[in-house]
1. In deg cm²/dmol and to the nearest 500, what is the mean residue ellipticity at 222 nm of the chain if only DSSP H runs of at least 4 residues count, each as -39500 (n - 2.57), divided by the residue total?
2. If you wrap a convex hull around the C-alpha atoms of the range 16-110 and split its volume per residue, what is the figure in Å³?
3. Using each residue's phi in the range 55-67, evaluate 6.51 cos²θ - 1.76 cosθ + 1.60 at θ = phi - 60° and report the 3J(HN,Hα) Karplus result to the nearest Hz, with x for Gly and Pro.
4. How many nm separate the modelled label positions at Ile38 and Val56, each set 7 Å beyond the Cα in the direction of the Cβ?
5. Compute the relative contact order of the chain as a whole-number percentage, counting only Cα pairs closer than 8 Å that sit 6 or more residues apart in sequence.
6. Run the simple label-point estimate for Arg16 and Ala101 please: 7 Å along Cα→C-beta, distance reported in nm.
7. Could you line up Arg16, Arg78 from fewest to most neighbouring Cβ atoms inside 10 Å?
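Only the coordinates and a few stated rules stand behind these numbers; no lab work does. Note that the structure is predicted; figures quoted are calculated from it, not measured. A quick note on method: Cβ atoms are made from the backbone with ideal geometry, for glycine too, and the neighbour counts reach across all protein chains shown.
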Amino acid sequence: MSLGTENQAVVLPHKRLGMASFIIGVTCIVVILLVAGIVMTWTELPGPMMTALEVVPAAMLCAALIGIGLGIFGAGDRSSRKLYPLLGLALNIAILTTFVALALVGLAMKAP
């Protein structure tokens, strides 16, 4: 009986692209929930805060698009596990879908 390495299982590591995609997705969701909480308080906000509330959603949309790209590249990497890239893709696509749905609802509300 010999101790050979012929039948040992290959343990695939988690790579950084997939983890980055997942972290971007989670961060976007947390920031969006914080912004929604601030908006739902119905208090009068100062001018710089209103400007920030206009810029932050656009930044989160760009971050979600970057997260989708990282998730695609992470899922395409054959030498890594696929958990984090797939979770990142799911979260970032859900964020993008939510933004598109809210934009369509906003456009429908403005229509005469």
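1. When only DSSP H runs of four or more count, the value is -26500 deg cm²/dmol.
2. Cα-based convex hull of the range 16-110, divided per residue, equals 89 Å³.
3. Couplings: 8, 4, x, 5, 5, 5, 5, 5, 5, 5, 5, 5, x Hz.
4. It works out to 0.3 nm between the two label points.
5. Computed over the chain, the figure is 42 percent.
6. Roughly 3.5 nm, to one decimal.
7. Ascending number of Cβ neighbours within 10 Å: Arg78, Arg16.
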